[in-house]
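In what follows, a structure is listed as structure tokens, so that the remarks can point back to it.
The values are calculated or read from the model by the stated rules, or taken from the named source; none is laboratory data. Keep in mind that this is a model prediction, so the values were computed, not measured. Every residue, glycine among them, receives a Cβ derived from its backbone with ideal geometry; neighbour counts consider all protein chains shown. Heavy atoms of the whole protein, side chains included, go into the accessibility calculation; ligands, DNA and RNA do not. Shrake-Rupley method; radii C 1.70, N 1.55, O 1.52, S 1.80 Å.
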Amino acid sequence: MFRLTEYMHQLVHPTPVRTRRGSGPVKPVVIWNLTRRCNLRCRHCYTVSADVDFPGELSHEQAMEVLEDLGRFGIPALILSGGEPLDRKDLFTIAARARQLVRMLALSTNGTKIHGENADRIAEIGFHYVGISIDGIGATNDWFRGVDGAFADALRGVRACKARGIKVGLRFTLTRDNGKHLPDILKLCDDEGVDKFYLSHLVYAGRGDKHRGEDAAHAPTRAAMDLLIARAWYAAEGGPPLDIVTGNNDADAVYFLNWAARHFDDAKLDNLRDHLVAWGGNSSGVGVANIDTQGRVHPDTYWSDYTIGSVKKTPFSELWTGDDAMLAQLRLRPRPLKGRCGACLHKGICGGNTRIRALQLTGDPWAEDPACYMTNAEIGVDAARRVAVTPFRGKRHDPAHQFS
């Protein structure tokens with residue numbers, strides 16, 4: 001996740017880079033998909049959820065055991081997600097205990113069920129943040145979400161959170177079909193007093209892989225980033241606050257650095273670069289982890305084809321600190337990247353971007369990310385001297401071959 005607003009403030013009020021203390025693996029933010037059940041049918045759903053019960057999901061007792069382990073391990077944040085997490089009957093019991101065990105507790109939801117008693121319980125438990133997904137205005141959102149009225153119901157959820165003093169954000173997945181709605185979504189944030197805006201670039205996983213042809217082209221993606229940077233700068237100058245973050249395309253940080261180079265002096269630019277290098281870009285298998293509905297642990301929410309292990313058999317803390325080969329590779333700096341990503345002068349900032357897109361298109365998790373929208377000149381890659389891409393000969397999606 002690239003925290004645009006945070007780094008914009010570094011240009012206005014620079015601070016020293018904080019260094020990490022301690023040794024061993026980073027304690028990750030855990031995104032926990034509690035259920036695949038969902039009342040919507042989103043075109044880009046990475047869990048391929050539906051409004052049915054799925055067998056094999058963690059029992060209440062198993063979920064509570066996982067919580068205790070996460071608490072002892074000391075993860076910094078827990079995001080309860082789905083499907084639609086409010087469709088899990090014991091959500092509030094899980095959340096109430098989680099609130100006692102972790103420093104930051106968030107809810108990732110489609111927002112349509114946040115009203116009345118549900119909204120009251122979310123406030124009572126004390127969720128630090130509720131993220132609600134909206135992918136366009138009105139009928140456009142309903143088309144993406146597969147249900148008429150989804151936009152109105154999600155907006156009702158936003159207002160219910162604001163009325164109860166709950167920090168709320170909107171999440172927007174950018175595609176070629178809804179990019180034109182981005183200005184209106186930002187206006188909606190301002191009109192409703194939304195605290196945070198999260199722009200997600202499309203990841204080729206679940207139904208998002210099936211609909212990868214809807215991914216935004218490079219020029220519209222750059223236009224979207226220009227708009228977000230302008231809004232973040234407006235807030236930094238004293239305009240209405242809005243915490244803007246982006247996800248699933250760490251090239252955003254490099255794009256922002258290039259923007260800063262055109263507007264700020266060398267001292268501020270060097271400080272920003274130091275902060276971005278310290279951040280390090282893509283955090284799959286490093287600062288983020290996923291527990292899916294079946295209890296399987298993955299390097300992130302999109303890399304469902306690779307399983308580190310199951311919390312039904314082994315505590316998460318042991319899986320995360322074990323000797324898994326993929327985690328070891330993901331934690332290398334620099335990673336063994338190929339193509340444009342391997343030759344990029346800024347791979348220390350973006351970390352090689354989103355590996356699952358490369359895997360889905362080529363079968364090789366270390367190939368260049370096809371969604372990087374930076375030009376060769378912007379990343380210091382001479383088109384005539386690009387690093388050769390070694391052909392990948394393993395079976396597509398076969399974990400045994402992913403790191404050969």
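Those strands (runs of 3 or more DSSP E) of the range 124-208 that lie entirely within it include none in which at least 3 residues are open to solvent by 40 Å² or more (accessible area, probe 1.4 Å) and farther than 22 Å from ASN249 by Cα. If I filter the range 333-354 for residues that are modelled with pLDDT under 95 and of a type in the set (Val, Ile, Thr), do I get at least one hit? Checking the range 333-354: at least one residue is modelled with pLDDT under 95 and of a type in the set (Val, Ile, Thr).
Regarding THR112, is this residue out of contact with any strand residue (DSSP E or B) (no Cβ under 7 Å at 6 or more places or on another chain), crowded, with 17+ Cβ neighbours inside 10 Å and at pLDDT 95 or above?
yes
Residues that are over 19 Å from LEU67 (Cα atoms) and either open to solvent by 10 Å² or more (accessible area, probe 1.4 Å) or over 18 Å from the mean Cα position of the chain (by Cα) (or both) within the range 291-309 comprise TYR302, SER304, ASP305, TYR306, THR307, listed in sequence order. Scanning the range 231-268 for residues that are charged (D, E, K, R), over 19 Å from PRO183 (Cβ atoms), touching a helix residue (DSSP H, G or I) at 6+ places or on another chain (Cβ under 8 Å) and part of a helix (DSSP H, G or I) yields one hit, LYS268. Answer yes or no as to whether HIS60 is at pLDDT 95 or above, surrounded by fewer than 22 Cβ atoms within 10 Å (Cβ to Cβ) and within 27 Å of ALA224 (Cβ to Cβ). Spelling it out, it is not the case that HIS60 is at pLDDT 95 or above, surrounded by fewer than 22 Cβ atoms within 10 Å (Cβ to Cβ) and within 27 Å of ALA224 (Cβ to Cβ). Would you check if there is a residue in the range 263-280 being farther than 20 Å from VAL17 by Cβ and at pLDDT 95 or above? Yes, some residue in the range 263-280 is farther than 20 Å from VAL17 by Cβ and at pLDDT 95 or above.
Among the candidates ASN258, ASN282, ASN271, the residue that is under 16 Å from the mean Cα position of the chain (by Cα) and either among the hydroxyl-bearing types (Ser, Thr, Tyr) or open to solvent by 10 Å² or more (accessible area, probe 1.4 Å) (or both) is uniquely ASN282. Filter the range 348-376 for residues that are open to solvent by 20 Å² or more (accessible area, probe 1.4 Å), in a helix (DSSP H, G or I) and without any contact (Cβ under 8 Å) to a residue 40 or more places away in the chain and give the result. THR362 - this is the single residue of the range 348-376 that is open to solvent by 20 Å² or more (accessible area, probe 1.4 Å), in a helix (DSSP H, G or I) and without any contact (Cβ under 8 Å) to a residue 40 or more places away in the chain. In this structure, does ASP135 turn out to be of a type in the set (Asp, Glu) and within 25 Å of LEU186 (Cβ to Cβ)? Taking the combined requirement at face value, the residue satisfies it.
I need every pair where a residue in the range 114-126 that is within 20 Å of LEU170 (Cα to Cα) and without any contact (Cβ under 8 Å) to a residue 40 or more places away in the chain has its Cβ under 7 Å from the Cβ of a residue that is in a helix (DSSP H, G or I) and among the charged types (D, E, K, R), sequence separation at least 6 or different chains. Here the result reads GLY126/ARG99, each pair linking the range 114-126 to a residue that is in a helix (DSSP H, G or I) and among the charged types (D, E, K, R).
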